[in-house]
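What follows is one structure encoded as structure tokens, with my remarks underneath.
The values are calculated or read from the model by the stated rules, or taken from the named source; none is laboratory data. The structure displayed is predicted, hence computed values, not measured ones. Because the Cβ atoms are built from the backbone with ideal geometry, glycine has one as well, and the counts that use them run over all protein chains shown.
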Amino acid sequence: MLALAAATVLGFMVLLLPSLVRAYNERQNKLSDLNNTMQENLAGMRVVKAFVQEDQEVAKFDQRAEGMRKPAYRAAVRVAVMNPALVTIAQLFIVLTLWVGGGQVITQAGLEIGQVVMVMQYLSMIIMPLSMLAIAVPFILRGDTSAQRIFEIIDAEPFVQDKPDAQPRNPEQVKGRLVFENVSFAFRRPDGTLDPPVLKNINLTIEPGERVGFLGATGAGKSALVNLVPRFYDVTAGRITIDGVDVRDIPQENLRQIVGIALQEAVLFQGTVHFNLKFGNPEVHDDVMIGAARSADAFGFIMQLPQQWDAPVARRGYNFSGGQRQRLAIARTLTAQPRILILDDSTSALDVATESRVQEAIPQFTENVTTLYVAQRISAVIDLDKIVLLQNGEIIAQGAHEELMQSSQLYQEIYQSQLGAGLKGSGQEVTA
Ligand SMILES: Nc1ncnc2c1ncn2[C@@H]1O[C@H](COP(=O)(O)OP(=O)(O)O)[C@@H](O)[C@H]1O
Ligand SMILES: [Mg+2]
């Protein structure tokens, strides 16, 4: 009798549990959808307003919220049913005990009164923990779904790993010879499979102290190429060496002291100008920071801030203009005194005059520093030692300006479209 009661109650729970688990998992997934939508909208609030998409975005949010409401409702209904149902079943067994046992006591045909009372006591002892369990189960399930998600992130293995035998190098002794040997690269999808390659058979030798420009249409693979040097990603095939050592044989922390990169998108941190400029090397002498700021053409506007070096920087640097942010980001990279300097479209928000001022000042600060200069405008790379032309992930031409004018038709076309008109004008004046 007791066993039957317990079995019925447990059976009922086992029956209901899978659908409850499903409902909770779905609820949790829809909750992340909802959170993502909301986060995107908050971060992109101005874009939404600028394109007058408030109504559509509100509708999208409503839809996601409705999507979450349904599984949440299903889960709640099951929880609401489970607890009273369990108690009812257990109470029914008590009634049954009284009915059958009571009859037997009266007719003196089997059970005695003491035994009936005992069974009832036992039954109510089973009911209590079971109904507690019914209350606890939803919490356990919800916790379990959340825990799974947290463990997914904690257990995620970074694709870029240090080798156990990686040897750090003294940055000051690095000469900065950078060689790409047959490098190919493809982005990895979250499931581990590879996208189509964005860099194919890159062969490139950059001598110590050389200054190399990278030109190419958006999506050509310029950022992908320079991001491989500090190992934000690892090559898919081939290798990249610094002074003959594969970058994968250098510990990442050490590698990033050697290689300094100013990213395409200049992100600053909340704090002061001083804090941001010394971000990579808080110990460095103020003179270095000041020299870096001068080279990046940031010194002038920093001096005009009321608090100068102690001036506040808002989150992501929103209280500075795009061009000022870029110049602070360059100054930050210079302050860390890398041996290989990479500027990835870091001057795109500057006007041509400021850009060329920065370009002329940087080599004075970074003597003998190997420099990779990704640019949109041919004017920004024309004077460099070498220019690399990228198209669809391949190097289609490399050489100094004059060589490329001879050898590369694409380079000539870019040159004509960007600078041709101005030079033709002056040429005509000469011949006239
Ligand atoms: N995180 C990423 N995941 C997948 N593909 C990407 C990612 N970043 C860039 N790409 C793709 O790689 C190619 C090269 O991009 P990128 O190196 O940023 O070009 P560029 O800097 O020359 O404009 C493009 O086709 C781009 O769509
Ligand atoms: Mg880019």
Here, strands (runs of 3 or more DSSP E) confined to segment 186-298 with at least 1 residues that are within 16 Å of ligand 2 (Cβ to nearest atom) and either surrounded by 18 or more Cβ atoms within 10 Å (Cβ to Cβ) or on the phi < 0 side of the Ramachandran plot (or both) are 199-206, 211-215, 259-262
Among the candidates 179, 95, 105, which residue alone is closer than 30 Å to residue 210 by Cα and not small (Gly, Ala, Ser)? 179
Could you list, ordered by first residue, the pairs with Cβ atoms under 7 Å in which the first is in segment 192-205 and assigned by TED's automatic domain parsing to the domain that holds residue 179 and free of Cβ contacts under 8 Å to residues at least 12 places away in the same chain and the second is crowded, with 18+ Cβ neighbours inside 10 Å and of a type outside the set (D, E, K, R), at least 6 apart or interchain? 195/186; 196/186
Show the residue pairs meeting these rules: Cβ distance below 9 Å; 6+ apart or different chains; first residue within segment 24-40 and within 14 Å of residue 149 (Cα to Cα); second residue among the acidic types (Asp, Glu). 24/144
Quick one: which residue in 267, 284, 259 is modelled with pLDDT of 90 or more, in the same structural domain as residue 240 (by TED's automatic domain parsing) and of a type in the set (A, V, I, L, M, F, W, C)? 259
In segment 198-216, what count of residues is obtained for those that are within 7 Å of ligand 1 (Cβ to nearest atom) and either of a type in the set (Phe, Trp, Tyr) or more than 20 Å from residue 359 (Cβ to Cβ) (or both)? 1
Quick check on segment 346-359. Is at least one of its residues within 16 Å of ligand 2 (Cβ to nearest atom), surrounded by 16 or more Cβ atoms within 10 Å (Cβ to Cβ) and not in a loop (DSSP other than H, G, I, E, B)? no
Residue by residue through segment 363-385, note down the ones that are modelled with pLDDT of 90 or more and touching a helix residue (DSSP H, G or I) at 6+ places or on another chain (Cβ under 9 Å). 371, 372, 373, 374
Of the residues 219, 238, 244, 300, only one is of a type in the set (Gly, Ala, Ser) and within 16 Å of ligand 1 (Cβ to nearest atom); which? 219
Could you list, in sequence order, all residues of segment 15-30 that are surrounded by fewer than 18 Cβ atoms within 10 Å (Cβ to Cβ) and more than 20 Å from residue 83 (Cα to Cα)? 25, 29
Any hit, segment 148-167, residues being more than 16 Å from ligand 1 (Cβ to nearest atom), at pLDDT 90 or above and not charged (D, E, K, R): no
Meets criteria (surrounded by fewer than 19 Cβ atoms within 10 Å (Cβ to Cβ) and away from ligand 1 (no atom under 16 Å from the Cβ)) for residue 368: yes
Residue 329 - would you say it is free of Cβ contacts under 8 Å to residues at least 12 places away in the same chain, within 29 Å of residue 414 (Cα to Cα), part of a helix (DSSP H, G or I) and hydrophobic (A, V, I, L, M, F, W, C)? no
